[in-house]
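A quick write-up on the structure given underneath.
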Amino acid sequence: MKKTLILVGAILLGIFPCEFAESFHIDGPAQEDIDNAGVSYVYLNSAQSGIIQDINVYINTSQYYNDDLTISLIHGSTNVSIYNGIGHTVDSYINALFDDEASGDYPANGTAQGTFRPSGELSDFDGLDLLGEWRLSFIDIIEPDGGTNLDSWYIEGTVASAPIPEPTTLLLLASGLIGLAGYGGRKFFKK
């Protein structure tokens, strides 16, 4: 009887877990001259853990020829293209939140502000753990000339927290266990 109650309880808890989403926002460091070499990396380290459900990245640059840049976000072995500039506009800069659910694409040249779809799919990070090293990769596709600064950047989104039983599940389980115990007790005392 005791084994049956334990088995029933374990099955019910496994069938009715409740998973909830938790928001995160992690700032990365600023860096000067991100277009000075062949490839420049800017790192942030997430101490928060959780399975990524949605992730967005904000990038704010200044100075010259920002639309010459190719920018990617990298975590572990996953590399997602964020921006592929093809222009050569002197006074261009990037001030944008990149979000898979945005309604429009970032223009290939010039300056725009707002929320845009990245060139790749940020959903490629969905299902990965947020914990660990993240980096932005910058490549100047025209000519590394220096002077472009990353003024700020961050990643934000939601992660799934560990499943926990719903309160109604626990109530159902408790009711079932009490009922089973009462039924088993009656059978025991009738003998």
Which of (1) out of contact with any helix residue (DSSP H, G or I) (no Cβ under 9 Å at 6 or more places or on another chain); (2) modelled with pLDDT under 95; (3) of a type outside the set (Lys, Arg) does residue 143 not meet, given it meets every other one? (1)
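Residue-wise test of (1) among the charged types (D, E, K, R); (2) at pLDDT below 90; (3) more than 18 Å from residue 130 (Cβ to Cβ).
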| residue | (1), (2), (3) |
| --- | --- |
| 52 | no, no, no |
| 59 | no, no, yes |
| 79 | no, no, no |
| 84 | no, yes, yes |
| 90 | no, yes, yes |
| 96 | no, no, yes |
Pick from 151, 124: which is more than 20 Å from residue 77 (Cβ to Cβ), touching a Ser or Thr at 6+ places or on another chain (Cβ under 8 Å), surrounded by 15 or more Cβ atoms within 10 Å (Cβ to Cβ) and at pLDDT 80 or above? 151
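The values are calculated or read from the model by the stated rules, or taken from the named source; none is laboratory data. Given the structure is predicted, the values throughout are model-derived calculations rather than measurements. We place every Cβ from the backbone using ideal geometry, glycine too, and count neighbours over all the protein chains shown.
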